[in-house]
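To start, the structure itself, in structure tokens.
Please treat every number below as a calculation from the coordinates, not as lab data. This structure is a prediction, so every number in the text was calculated from the model and none was measured. Heads up, the Cβs are rebuilt from the backbone with ideal geometry, glycines too, and the neighbour counts pull from every protein chain shown.
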Amino acid sequence: MITRNIPDKARTTFSLLWERFGKRLPSKSFFLFSFVIFLLSILASADFSTRQGLLMEGEIAQVEVTADRTFLFEDKQGTKARRALARKMQPLVLDRIAVPGHALLSQIESLFTDINEAHSPEEKEILCRRISRETGEPVSQEVLDALADTPVQNALFSNILPFIEQRLRDGVLSESGIAVTYPGGIIIRDLTSGEERLHTEISAIPDLKNLEFQLSQHIKSLAVSNPAKKILAQIFEIYMRPSLIPNLEATKLRADTAEAAVAPVVHRVLRGEIIISQGERVTVEQQMKMRILLQGKEDRFQWSTCFGICICGLLMALGLLFSPSGKPASPMADKDFLFLSVLISIFALIAKGLAVHGAQMALVSVKFLPESLAYAVPVAGAAALSAQVFSTRRYLVTGLLLSFFCSLMMKGGIGLFLFYFLATMWSTWLTSRCTSRRDVVWSVLPLTAGLIAMWAGATLLQSGSHTRYFSECISLVAGATFSMILTFALTPIVEMTFGYTTRFRLMELLNIEQPLLRDLMIKAPGTYHHSLIVSNMVEAGAKQIGAYSLLCKVAALYHDIGKLTKADYFIENQSTDDNPHNRLAPSMSALILVAHVKQGVELGIKHRLGPEVTDVIRQHHGTSLIKYFYQKAMNQPDTPPPNIEDYCYPGPRPRSREAALVMLADIVEASSRTLDELTPTRLRQHIDTTVKNIYSSGQLDESELTFKDLNLLVDSFHQVLRGIFHHRISYPEHAGKQQQAKNPQFKASTPPSATSPPGKNNALPVSGFTGTSKPIRN
């Protein structure tokens, strides 16, 4: 009901879009494949390793415990000792004040002013009692008169007082024992200017006793009596005060800051490092290491990690659906997604099993770490299997998915992932160049050498230095050997289970001793010769555009096997001038020609050529028109106009590059034999025109060929055909045969007359080669 309300133009547009893209949408199998990726993501996020229980201090370790990962361990005792040392080394903060110097000068000046102003005996007596009371020593008027002497006061104010004032300005402690307990020295802080100065030599800072001793040496040089000298020394001792005052609050604040700034003492425990030896009594430090090691294993599963892995895996899997040009690729069959699901699941489970086993053994011995076993995972063999059934783009994506999930199962980093991915690429490259099973066996040597080089690069990338080199090399050799064995063992199973035509099967089909090829050679020699040339053309063209060259070559050899049932009805197999089509109606001739496609598919299924080859047989004519007999039916008098659908191949049109390549080579090779006076230039023009006509007719719309591919194919076809239809020199004994000298083609390739019906009809589309009456083979 809704469709009726849509305008015709919009409905037509929708139909075209559905015709082009709707049929290539992911099938239900892709969603099953996506579900498998989700399950593998759950498996990769889970931790199934057996855990060692925590050993308490004083217990005896029954087994050797090693670190299965690298972690940091804080040494609390070392941290406490380092922070205590930082507090102890904090210097004592001393505030330097200017009051003692000024106060001393003021008091001395006031005292000697009173001495100078005391003239009467009563005043002198009062002053003597005051000084005696302050100093604790008896003072007589004779001592007072000696202190009032002008030379004594000049020496006092010009030498002694400036000396004392300078010492107080530099800094004087009350006693030297204050700074002895601070090995970091002292900091003298000037409260006036804010300047601070660190002194590590505490003995260079005088105290009051040291200053008094220096002062007594100066007083001894005065020309006064000993009692006067003693009284004078006592006066200075009473009036002198220290100029450096300890600031304990500032010192404590700085000590706290220094202690807090000390970083914790952290030790790095490397993966594989022995934490507790077997039979050893557990210490406090070892107990703490085990506690930290087990703390990282509390969460056995994280959903965030699971969803992250799943999203990345699905994004990688999108490469299976699109071509490099960005257009939707040829649709994958349900069995393709099923095969990928089984393949990735099996090898991911192998990796997970090795990871769990390695983690268990890592608790017992450092020789069985997961890193060593990771290189034994035969991802190279899995990639080789995919390379036998998929095209380049798809087995690259398969290798990427295998590397991604296997590295996650092994808990590896970027180095292990790159090792796996490079291993899959190297393995597929070697497999694609093997021409026999013997070559596969010998490929284990370059495979092992390549894996060792990749392992060295991955190890250097992770900047890892360890002692597992020998065990990892053994794992590499085992992985390469196991990959080769799996390739042999699983290939027949894959062929029988999923119905694939693997590379090995394709190589077997190339053998000329195959029954179909022998029958074709004997019963239809012209078709066999044509198939050989087409196989050479498609092989060269496939290598130019990056298609599956082996599949193209095999499909080209078998694309016309349907002609075996009625070989005499195709002109390339007719050895006489008697053409059976002369006795048949055009519709019957067209029916016979169309039937060879169906009969070829039936023979391909019967002889187990594989779906890939039979699909090419079914599609190599597309929906093209058998133009010769259609025009012949049109020219018959007293007959109704023929139905064009009765003279077209049923199709479908080529849906892969390989099928399109066989169609192009088939038509180009057959039509090239009809050219007279063949020259390289004329041959090139003919090939170019033929390919353009096929493209313009829409026969290549469902394939993945681009304009660049078509240009490369034209060049490749021209090179092959130019070598086949080349000129030969005229031998002396045949110099008289001018007609043969003028014709550079083989005798078997002489084109039939325009009046004789072709055995192999013109399968060019309607738009190609209009106006010509010569039959064209395709």
Exercise for the section: With r as the distance between the Cβ atoms of residue 568 and residue 521 and R0 = 25 Å, compute the FRET efficiency 1/(1 + (r/R0)^6) and round to 0.05. Expected result: 0.95
Fill in the blank from the handout: Distance in nm between residue 283 and residue 453 label points, each 7 Å along Cα→Cβ, equals 4.8
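Please sort 311-317, 667-673 by packing, taking for each peptide the average over its residues of neighbouring beta carbons within 10 angstrom, highest first.
For the peptides 311-317, 667-673, the packing ranking is 667-673, 311-317.
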Practice task
Report, by chain and number, residues whose modeled amide H sits under 5 Å from the one on residue 322, excluding near sequence neighbours (fewer than 5 apart, same chain).
Solution key: 329
Practice task
Hey, can you grab everything whose amide H is under 5 Å from the amide H of residue 276? Only 5+ residues off in sequence or another chain; H modelled, so Pro and N-termini drop out.
Solution key: 65
Handout entry: Positive minus negative residues near residue 258 (Lys, Arg vs Asp, Glu; Cβ under 13 Å)
Key = +4
Practice task
Specify the inter-centroid distance of the stretch 601-618 and the stretch 147-198, based on alpha-carbon positions, in whole Å.
Solution key: 112
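Using alpha-carbon pairs under 8 Å, 6+ residues apart, how would you state the relative contact order of the stretch 591-643 in percent?
Values: 20 pairs, mean separation 12.7, N = 53.
Reported as a whole number, the value is 24 percent.
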Problem - Full-stretch length increase - residue 132, residue 469 - with 0.36 nm per residue and alpha-carbon distance subtracted - result: 112.0 nm
Completion exercise
Once phi for every residue in the stretch 483-498 is put through the Karplus expression 6.51 cos²θ - 1.76 cosθ + 1.60 (θ = phi - 60°), the whole-Hz ³J(HN,Hα) values, with Gly and Pro written as x, are 4, 5, 5, 5, 4, 6, 6, 8, 4, x, 5, 5, 4, 6, 6, 9
Handout entry: Shape call, the stretch 157-261: gyration tensor on alpha carbons, a/c limit 1.5
Key = prolate
Handout entry: residue 513-residue 180 pseudo-label distance in nm [points 7 Å out on the Cα-to-Cβ vector]
Key = 10.7
Completion exercise
Long-range amide H partners of residue 207, meaning residues 5 or more apart or on another chain whose placed amide H is closer than 5 Å, are 173
Exercise for the section: For the stretch 176-265, state which GluC sites (Glu not before Pro) are in a DSSP loop and have at most 10 other beta carbons lying within 10 Å of their beta carbon. Expected result: 195, 201
Exercise for the section: Could I have the simple spin-label model distance between residue 305 and residue 141, label points 7 Å from Cα toward Cβ, reported in nm to one decimal? Expected result: 10.5
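Tell me the relative contact order for the stretch 594-719 as a rounded percent, counting alpha carbon contacts under 8 Å between residues six or more apart.
24
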Exercise for the section: Subtracting the Cα-Cα distance from 0.36 nm times the residue separation, let me have the gained length for residue 719 to residue 64 in nm, one decimal. Expected result: 228.7 nm
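Would you please give the FRET efficiency between residue 262 and residue 72, computed as 1/(1 + (r/R0)^6) with r the Cβ-Cβ distance and R0 = 22 Å, to the nearest 0.05? Could you put the intermediate results ahead of the total?
Working: r = 17 Å, r/R0 = 0.75.
The value I calculate is 0.85.
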Practice task
Using Cα pairs closer than 8 Å and at least 6 residues apart in sequence, work out the relative contact order for the stretch 390-526, in percent.
Solution key: 20
Handout entry: Using θ = phi - 60° and Karplus 6.51 cos²θ - 1.76 cosθ + 1.60, couplings along the stretch 692-706 (whole Hz; Gly, Pro as x)
Key = 5, 5, 5, 5, 5, 6, x, 5, 9, 5, 9, 8, 9, 6, 10
Problem - Under the Karplus curve 6.51 cos²θ - 1.76 cosθ + 1.60, θ = phi - 60°, whole-Hz ³J(HN,Hα) for the stretch 560-567, x wherever Gly or Pro sits - result: 10, 5, x, 6, 5, 5, 9, 5
Fill in the blank from the handout: So the FRET efficiency between residue 193 and residue 125, C-beta based with R0 = 45 Å and rounded to 0.05, is 0.45
Practice task
Find how much the distance from residue 220 to residue 433 grows on full extension, using 0.36 nm per residue of separation minus their present alpha carbon separation; answer in nm with one decimal.
Solution key: 65.6 nm
